[in-house]
Amino acid sequence: MTSSPPTQPPSAETLAKFAAVVGEGHALTSEADQQPFLTEWRRLYQGKTPLVLRPGTVEEVAKILALASENGTAVVPQGGNTGLVGGQIPFGHEVVLSLQRLKQVRSIDTQGNTMIIEAGATLAEAQKAAEDAGRLFPLSIASEGSAQIGGVLSSNAGGVQVLAYGNARELCLGLEVVTADGQVWDGLRRLRKDNTGYDLRDLFIGAEGTLGVITAAVLKLWPQPKARATAFVGMNSVEEAAQFFDLAHDVAAGELTAFELMPRIGIEFVIRYAEGTRDPLESEYPWYALIELSSLRPEEAQPSLEKILMAALEEEIVADAVLASSLSQSEDFWRLREMLSEVQLNEGGSIKNDVSVPVAALPEFLNRAVDAVRKLIPDCRPVPFGHYGDGNIHFNISQPEGADKASFMTHWDEIVAAVNEIVLDLDGSISAEHGVGRMKRELLTQVKSPIEMAMMRQIKHALDPKGILNPGKVI
């Protein structure tokens, strides 16, 4: 199979045609107007583009891609620009296609528990629309106020409730997608069962905009929980965390909706930099768990969590725990978890890994990975945290105190390689929920077999033969 022909910088005439599709007010050319679309929040990538387009309808998206296909113009689809691997950033002559104006909730079916919503709606807006209809859309991530549905699906986002509800792929029944040549595929089917041929939906979820542009989706909804119970728990080792998770999972079964693991250093960072936060426990512990139960029966969540905590304390699996006595206290616990990534910016350079291993292998992974990075940089500060219940750890490493940030960041590749070696030895993945984007593109050939890479390239060539969709990302 031959590679796709290289894309060309769009001519002034082509740029004018793009602008005419959306109107001059939505075709951004000035540096100031473009800046929010070109820099991601970790500041690792600074993009460059001749034009940012903000279409307001699916028909405009289709016209843009038809014109791009005709002229061989590269296009970078973008949602809320919250991605962490550079997948949404243009790096030259690509045109940015922002979906932020496609925000409509087209329908909500409370009987069938589905919602059809456009790609530019934020995750928080989708959650609110479901809540207003008496339903729950459970996907929750720290950036939900700005992350958009199209980007969430394109990156197959996970978040804190994957344990109970699954990641984005499992929360989607159907899609509307504009193809690379400007055709619109209406796959907005609300069916739970449909065995009519290949599942095209799953090709586009997690493809990071390299196969087509998601413009709308059918999302699964659930009844709103009648009760939630949240606790913050201190532990002395990751082995204790493993035992505590097993106990909670056995007792709570499907009501265990979150089990988040955090290290002491991470809590210290949050308390140091996030205004209004405080330590929930009187003593300090090496590890903490944030555990939450949700129930459709209002009388069950709190007693179930109390039972779990009492058993864990009696068996000396955990050292201390506090059960949230109010919604406000529960929100305080969650803020400690949600601020973990953001506050690390204040501690200088941070080398980040988004990995997963089988849940049973998490203690071994954490112990081995901490040892490995400290051998490479003895004074570095590992800050591993994440979604223990689904095996996903954000294994971040902050620079040594007082170190030069630029010098520390030169160790990125060797640190990542050391962590990935352990991950792969434990049958894990080098990208759990952030995607591949630009950051991990070169690593993909190291973790995928030749036949897997060949099939992926064949799919890419079949759906985007001219290579105009998000070039330089994923494969």
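Below, the figures for the structure above:
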| read-out | value |
| --- | --- |
| Within the chain, helix-based [θ] at 222 nm, where runs of 4 or more DSSP H residues each add -39,500 (n - 2.57), nearest 500 | -10500 deg cm²/dmol |
| The range 254-268 - phi-based ³J(HN,Hα) in whole Hz, Karplus 6.51/-1.76/1.60, Gly and Pro as x | x, 7, 7, 9, 8, 8, 9, 9, 9, x, 4, 4, x, 4, 4 |
| Sequence-distant residues sharing a close amide H with T114 (under 5 Å, placed H) | D109, L221 |
| Positive minus negative residues near K375 (Lys, Arg vs Asp, Glu; Cβ under 15 Å) | -1 |
| Qualifying GluC sites (Glu not before Pro) in the range 369-475, DSSP loop, other Cβ atoms within 10 Å at most 13 | E401 |
| Long-range amide H partners of V95 with built H, under 5 Å | A74, V75, V76 |
| Subset of K103/K440; K226/K307; K352/K448; K352/K405; K48/K473 violating a 24 Å alpha-carbon distance limit | K103/K440 |
| Gap separating the Cα centres of the range 395-441 and the range 83-122, nearest whole Å | 28 Å |
| Derived scalar couplings ³J(HN,Hα) [the range 439-453; Karplus, 6.51 cos²θ - 1.76 cosθ + 1.60; whole Hz; x for Gly, Pro] | 4, 10, 4, 6, 6, 4, 5, 7, 10, 9, 6, x, 5, 5, 5 |
| Centre separation in Å (Cα based) which lies between the range 183-204 and the range 132-164 | 20 Å |
| Using θ = phi - 60° and Karplus 6.51 cos²θ - 1.76 cosθ + 1.60, couplings along the range 110-118 (whole Hz; Gly, Pro as x) | 6, 6, x, 6, 9, 9, 9, 9, 7 |
| Separation of alpha-carbon centers, the range 11-40 and the range 235-304, rounded to whole Å | 46 Å |
| Aspartates and glutamates whose Cα lies under 13 Å from that of K375, excluding same-chain neighbours fewer than 8 positions away | E414 |
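Every number here is computed from the coordinates shown, using simple stated rules; none is lab data. The shown structure was predicted, so the numbers you read here are calculated from the model rather than taken from an experiment. Neighbour counts run over all protein chains shown; Cβ positions are idealised from the backbone, glycine included.
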